[in-house]
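Visitor: Please see the structure below; I have some questions.
The values are calculated or read from the model by the stated rules, or taken from the named source; none is laboratory data. These numbers were taken from a predicted model, which means no experiment stands behind them. Cβ placement follows ideal geometry from the backbone for every residue including glycine, while neighbour counts extend to all protein chains displayed. We work out accessible area using only protein heavy atoms, side chains counted, and drop any ligands, DNA or RNA first. Shrake-Rupley method; radii C 1.70, N 1.55, O 1.52, S 1.80 Å.
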Amino acid sequence: MADGPVQARGLRKRFGEFEAVRGIDVDVAQGEVFGFLGPNGAGKSSTMRMIACVSPRSDGTLQVLGLDPDLQGPRIRARIGVVPQQDNLDNELTVRENLEIYGRYFGLSRRHVKARAAELLEFAQLTERADDAVEPLSGGMKRRLTIARSLVNDPELLLLDEPTTGLDPQARHLLWERLYQLKRRGVTQIITTHYMDEAEQLCDRLVVMDGGLIVAEGTPAELIRRWAGREVVELRFLPERRPSVAELEPHVDRVEELPDRVLLYTSDGEAAQSAVHRAGLRPESALVRRSTLEDVFLRLTGRTLVD
Amino acid sequence: MTLADPPRLPVLVRLLPAGSYAGRSRMLLLRSATAARRTWLVILSGFAEPVFYLIAMGAGLGSLVGSLPGPDGVPISYAAFIAPGLLAASAMNGAVFDSTFNVFFKLRHSKLYDAMLATPLGPVDIALGEIGWALLRGGLYASGFLTVMAVAGLLTSPWALLALPAALLVAFAFAAVGMAATSFMRSWQDFDLVTLAVLPMFLFATTFFPLSVYPRWLQLVVECLPLFHAVELMRGLTTGVVHLGLLGHLAYFVVMALIGLAVAGRRLGALLLR
Ligand SMILES: Nc1ncnc2c1ncn2[C@@H]1O[C@H](COP(=O)(O)OP(=O)(O)OP(=O)(O)O)[C@@H](O)[C@H]1O
Ligand SMILES: [Mg+2]
């Protein structure tokens with residue numbers, strides 16, 4: 001992993017007194033899809049902006065595509081695609097012009113951007129809206145246009161900050177499929193998301209950030225094995241019948257209390273469920289499921305993914 | 001996909017932080033021109049304003065005033081006196097409007113420049129591109145107004161041809177300084193300060209009456225104002241009273257443009273690349 005597209009050591013970002021990123025090491029390998037998970041304010045976007053060379057680092061080292069953003073910002077930006085957390089489309093231009101003019105900022109020829117824009121409109125399923133203004137598009141359409149725009153320069157590295165927030169399920173699945181195609185073509189991708197299914201589906205490797213630090217790192221499967229165990233029993237109790245953690249703990253590896261339910265982490269869900277039953281506890285409902293990244297997230301940050 | 005273009009302002013570029021100029025500001029002109037295709041009516045309305053002033057003041061007020069001493073003391077008609085002043089003022093007004101209100105909106109609200117900075121473009125490309133657009137617009141208005149002056153017989157010398165490039169330089173300098181000032185503004189309220197700077201200049205910087213009406217101390221104040229130098233420059237050229245002193249006025253605007261551009265480029269970078 002010596003010469004991956006992104007390499008950070010002790011990377012920090014300060015805004016005045018406040019430190020948003022507090023010394024993180026990141027290694028992204030060529031061709032992989034790398035994820036950043038973390039609660040609001042964890043420092044994901046701040047990190048993404050440093051990698052995108054639009055926010056100078058406060059400390060540490062950073063190499064993007066083998067270059068230093070402080071010295072070679074424009075050359076790096078020429079080779080990456082960026083989907084910012086908040087759409088910043090050009091409202092004075094049409095959908096098509098948004099793609100064409102943006103391509104021109106990269107120094108691409110008129111002919112090239114014309115052809116590329118047509119492809120990308122198809123990609124984003126916006127061909128019918130090509131000559132409409134941007135303003136009246138739905139939120140999901142704007143998002144799709146922003147994503148299409150990030151591809152106009154055929155980037156080697158794609159940075160996607162919450163790409164699917166605001167998309168309907170169908171559009172999300174379409175985007176996942178498109179991102180998979182890009183991955184097969186060797187495009188390295190860095191994604192932040194609040195959707196654990198998205199992270200599990202897309203990411204080869206991911207890190208969980210909290211309070212400006214990386215608190216865990218690995219493949220989705222590794223993280224689940226390490227931090228959540230194999231299975232989870234979800235129990236819902238009537239408030240007056242809800243048992244204490246101490247009553248549940250002997251039967252499982254770990255207990256997590258949420259406002260509306262109790263989660264029991266164990267290697268064998270069925271067995272744990274019967275044990276609870278034998279102990280005379282009577283939940284309103286019980287569900288045995290496999291552990292997911294959401295459980296990892298909850299364990300590491302004390303919060304649910306989408307709060 | 002390399003940074004092809006050789007920078008056109010090598011000296012200035014070396015003074016700027018690394019990566020702030022990709023030599024591609026003309027793409028911003030392309031963008032503005034594309035956007036303007038749908039708002040051409042608004043843009044055309046900029047022609048009308050100085051012409052209205054010329055008619056109202058030149059013809060209306062002029063019939064009462066008669067003639068005034070020109071730059072060399074030889075009397076000229078009131079219309080011929082104020083026309084170059086209006087030309088200078090319209091170059092100022094157009095440039096200031098474009099580089100303050102429009103730039104502020106793009107900077108703070110539409111996040112347009114954030115999107116541009118995710119590409120190889122740097123803050124100086126943006127500053128130059130936006131100033132360049134203000135300049136094109138200013139040039140268009142100045143040509144229109146000069147045509148009106150020619151038709152009305154207010155251009156009495158071939159030197160008047162140089163009034164167009166001079167107007168462009170004046171517009172450039174005002175746009176650069178306007179943009180630099182905008183980068184310090186925090187809210188729309190701050191724009192009252194722009195009006196506060198521009199309107200008195202328009203009224204008092206010898207646009208409508210000669211410097212000799214003021215007491216000496218006020219003359220000194222007026223002589224420091226940028227619009228005063230613009231009016232002197234235009235009046236000299238359109239009446240054909242050309243002397244070396246005009247170069248001094250030119251130098252004033254060259255310095256103003258360079259300072260404005262350097263400050264605007266740096267401030268935009270500091271604001272956007274956080
Ligand atoms: N330009 C800025 N000036 C000052 N503080 C900032 C700035 N940008 C971000 N922050 C602060 O840095 C912290 C991290 O913000 P960041 O946007 O990186 O979080 P995030 O992980 O992307 O969160 P979210 O999931 O809500 O997008 C927050 O506390 C935020 O207020
Ligand atoms: Mg964020």
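Visitor: How much net charge surrounds A:Gly16 when only the other residues with a Cβ under 15 Å from the Cβ of A:Gly16 are counted, with Lys and Arg +1 and Asp and Glu -1?
Guide: Charge balance in the 15 Å sphere: +2.
Visitor: On to the next question. Say R0 is 22 Å: what FRET efficiency, to the nearest 0.05, do A:Glu222 and A:Phe15 get from their beta-carbon distance?
Guide: Between A:Glu222 and A:Phe15 the formula returns 0.10.
Visitor: For the peptides B:257-267, A:54-64, A:268-278, A:168-178, what is the packing order when you average, over each peptide's residues, the other Cβ atoms within 10 Å and list the highest mean first? Present the calculation step by step, with values, prior to reporting the outcome.
Guide: Details: B:257-267: 20.5, A:54-64: 18.4, A:268-278: 16.5, A:168-178: 14.5.
Final packing ranking: B:257-267, A:54-64, A:268-278, A:168-178.
Visitor: Another question, if that's okay. Sticking with the crude label model, points 7 Å out along Cα→Cβ, report the distance from B:Leu193 to A:Glu128 in nm, one decimal please.
Guide: Simple spin-label model gives 5.0 nm for this pair.
Visitor: Could you state the number of Å between the C-alpha centres of the range B:211-270 and the range A:119-174?
Guide: A separation of 49 Å, based on Cα centres.
Visitor: Partner chain Cβ atoms within 10 Å, averaged over the residues of B:117-127 - can you pull that number for me? Display every interim value, and only then the final one.
Guide: On the way: counts 9, 16, 15, 12, 5, 3, 0, 0, 2, 0, 0.
That average works out to 6.
Visitor: Taking the Cα centre of the range A:229-290 as origin and charging only Cβ (+1 Lys, Arg; -1 Asp, Glu), how large is the dipole, in debye to the nearest 20? Provide the component values of the computation, followed by the final result.
Guide: Values: 10 positive and 12 negative charges, 28 e Å.
That gives a dipole near 140 debye.
Visitor: What are the lysines whose alpha-carbon lies under 29 Å from the alpha-carbon of A:Lys44, with same-chain residues fewer than 8 places away excluded?
Guide: Leaving aside lysines fewer than 8 places away in the same chain, those within reach of A:Lys44 are A:Lys13, A:Lys142, A:Lys183, B:Lys106, B:Lys111.
Visitor: What order, most packed first, do the peptides A:66-78, B:112-124, B:210-222 have when packing is the mean number of other Cβ atoms within 10 Å of each residue?
Guide: Order by mean packing, descending: B:112-124, A:66-78, B:210-222.
Visitor: Give the peptides A:5-13, A:211-219, A:143-151 in descending order of average Cβ contacts within 10 Å, highest first.
Guide: A:143-151, A:5-13, A:211-219
Visitor: Determine the sum of side-chain charges near A:Ser285: Lys and Arg each +1, Asp and Glu each -1, restricted to other residues whose C-beta is under 14 angstrom from that of A:Ser285. Display every interim value, and only then the final one.
Guide: On the way: positive: A:Arg236, A:Arg241, A:Arg242, A:Arg261, A:Arg282, A:Arg289; negative: A:Glu234, A:Asp260, A:Glu284.
Summing Lys/Arg as +1 and Asp/Glu as -1 gives +3.
Visitor: If I require 24 Å or longer along the helix axis, counting alpha carbons, and a Kyte-Doolittle average no lower than 0.0, what helices from chain B are left? Use full DSSP H segments. If you can, show how the numbers build up before the last one.
Guide: Numbers: long enough: B:78-97 (28 Å, 1.42); B:123-151 (42 Å, 1.16); B:163-182 (28 Å, 2.04); B:245-272 (41 Å, 1.63).
For chain B, where a helix must reach 24 Å along its axis and average at least 0.0, the hits are B:78-97, B:123-151, B:163-182, B:245-272.
Visitor: Further, regarding this structure: So how exposed is A:Asp260, as accessible area in Å² (1.4 Å probe, rounded to 10)?
Guide: 80 Å²
Visitor: Compute the distance in nm between two label points, each set 7 Å from the Cα along the Cα-to-Cβ direction, one at B:Arg26 and one at A:Ser109.
Guide: Distance between the two pseudo-spin positions: 1.5 nm.
Visitor: One quarter of the convex hull surface, Cα atoms only: what value does that give for the protein assembly as shown in nm²?
Guide: 33.6 nm²
Visitor: Per the Kirkwood formula on distinct C-alpha pairs, the Rh of the range B:22-272 is how many angstrom?
Guide: Answer for the range B:22-272: a Kirkwood hydrodynamic radius of 18.7 Å.
Visitor: Which whole number gives the average count of other chain Cβ atoms within 10 Å of the Cβ atoms across peptide A:90-96?
Guide: Whole-number average of other-chain Cβ neighbours for A:90-96 is 5.
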